[in-house]
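The values are calculated or read from the model by the stated rules, or taken from the named source; none is laboratory data. Keep in mind that this is a model prediction, so the values were computed, not measured. Note: ideal-geometry Cβ built from the backbone for every residue, glycine included; neighbour counts use all protein chains shown. Just so you know, the surface numbers come from the protein's heavy atoms only, side chains and all, with ligands and any DNA or RNA stripped out. Shrake-Rupley method; radii C 1.70, N 1.55, O 1.52, S 1.80 Å.
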Amino acid sequence: MCYTTETFAADTATIRQINTETIALDEKTLEAERRSYHSFFDVHVVQTEDGYILLEEGDYGELPMHLIDDIVYTATGKMDDEY
């Protein structure tokens, strides 16, 4: 297979875009996991037009359907008040 300069540049740009999106998702996933250790509620990673955000169920009560559809990861709340 032979690459021309244009196809190589296009492929490289695509790979860089995928990598930055993957890295951003990984960072939010790890942040959700860290936050879940200090929460009674599930922590969701939601994809938005600008990137990813964290939502905790306890912050907003019942989540609206448009947010539920955009959830890409959920970390279960790990705090337990039973001792």
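Restricting attention to segment 21-52, the residues being among the polar types (S, T, N, Q) and either assigned to a loop (DSSP other than H, G, I, E, B) or open to solvent by less than 40 Å² (accessible area, probe 1.4 Å) (or both) number 3.
Of all the residues in segment 53-83, those that are aromatic (Phe, Trp, Tyr) and open to solvent by 100 Å² or more (accessible area, probe 1.4 Å) number 2.
Of all residues in segment 28-53, those satisfying the criterion of being touching a residue at least 24 places away in the same chain (Cβ under 8 Å), over 21 Å from ASP80 (Cα atoms) and not hydroxyl-bearing (Ser, Thr, Tyr) are LYS28, VAL45, VAL46, GLN47, GLY51, ILE53.
Taking first residues from segment 62-81 that are in contact (Cβ under 8 Å) with a residue 12 or more places away in the chain and partners that are among the hydroxyl-bearing types (Ser, Thr, Tyr) and in a loop (DSSP other than H, G, I, E, B), the Cβ contacts under 8 Å between residues at least 6 apart in sequence or on separate chains come to GLY77/SER39; LYS78/TYR37; LYS78/SER39; MET79/TYR37; MET79/SER39.
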